[in-house]
1. Have a look at 85, 27 and point out the one that is modelled with pLDDT under 90, over 30 Å from residue 167 (Cβ atoms), open to solvent by 50 Å² or more (accessible area, probe 1.4 Å) and of a type outside the set (Val, Ile, Thr).
2. Kindly check whether there is at least one residue in segment 58-65 that is within 30 Å of residue 131 (Cα to Cα), open to solvent by 100 Å² or more (accessible area, probe 1.4 Å) and modelled with pLDDT of 75 or more.
3. Suppose the filter is open to solvent by less than 90 Å² (accessible area, probe 1.4 Å), touching a Leu at 6+ places or on another chain (Cβ under 9 Å) and more than 26 Å from residue 188 (Cα to Cα); does residue 161 pass it?
4. List pairs: first residue in segment 130-150 and touching a residue at least 24 places away in the same chain (Cβ under 8 Å), second residue assigned to a helix (DSSP H, G or I) and surrounded by fewer than 17 Cβ atoms within 10 Å (Cβ to Cβ) anywhere in the structure, Cβ distance under 8 angstrom, at least six positions apart or on different chains.
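The values are calculated or read from the model by the stated rules, or taken from the named source; none is laboratory data. The structure presented is a predicted model; accordingly, all values stated were derived computationally and were not measured. In this analysis, Cβ positions are derived from the backbone assuming ideal geometry, glycine residues included, and neighbour counts consider all displayed protein chains. Note: accessible area is taken over every heavy atom of the protein model, side chains too, but ligands, DNA and RNA are not part of it. Shrake-Rupley method; radii C 1.70, N 1.55, O 1.52, S 1.80 Å.
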Amino acid sequence: RSALPPSPPRNPQREATMQNLKNVKLPNAGIISAAVQTAVYGSVATYGLYNSLFNVEGGHRAIVYNRVVGIKEKVYSEGTHLMFPWFERPITYDVRARAHQVTSNSGSRDLQMVNISIRVLTRPSVDKLPEIYRNLGTDFNERVLPSIIHETLKSVVAQYNASQLITQREQVSIAIRTLLTQRAAHFNMVLDDVSITALTFGKEYTAAIEAKQVAQQEAERAKFIVEKAVQDKRSAVIKAEGEAQSAKLIGEAIANNPAFITLRRIEAAREIATTMATSNNRVMLNADSLLLNLSDIGSGASNSVSTVKK
């Protein structure tokens, strides 16, 4: 006979642990079920409350899409609003005015190519947001503005000559704004401002304008020279007539009164003496050449007076 294997030694500590596990009392199954239900319901309630609120920031408006009825007609203003989770979702629009810069190459009435740039401030019509979303979506600016602006610019520029686009710029801007506002209204868009920022022409037309300006300046210069010559001629005639009249009067004065020559000699001598007196130089000249021989003048004057008396 084979001998039986020896039995393992007993472990009192292990046996005590197993006995304690057998003595543990598990909670009631009803309590566990209630706790699980509470946790589930609480999570669902938290999820529903979190997703049933949406905020509309300042300068924005919102519309709501419902999975059952589609887009609602109500427009939500700024603040916090309620909705049904999963069944509804908000769609937010920025209703503040935004600037758009557009450049167009158009032809004028006299067949000149014009590069014109305008800046427009646009915003969506708040009351028409549901219709805008149905027809254009959220990127309505990119879909509508480039086409209507280009068409409007070409239509207005074709009504003016190239020179009128410069001289009547304000009228051109008003015409563009009026027509563009009408076109944008069909798409429920509001234009707050339209302004022309740049207006340039082709190289050929620019060169022609410069040549015309140069020709006009040369013509004005030639006209000025002619007018100056005419004025100089008139001045010379008037001066000659004055000198002739002066000579005539002097001749009559001498014929009527020989002492007139003596008076003029005295005035000339006075001017020469004043000039020499105020000069810093010392000059010794003959009195006859300076008309300072007043003694001869006096005797000549007395003879002239005696002659007149006879």
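1. Numbers: 85 fails: open to solvent by 50 Å² or more (accessible area, probe 1.4 Å).
Checking each option against the conditions leaves just 27.
2. The answer is no; no qualifying residue exists.
3. Criteria not met by residue 161.
4. Final answer for the pair search is 136/143.
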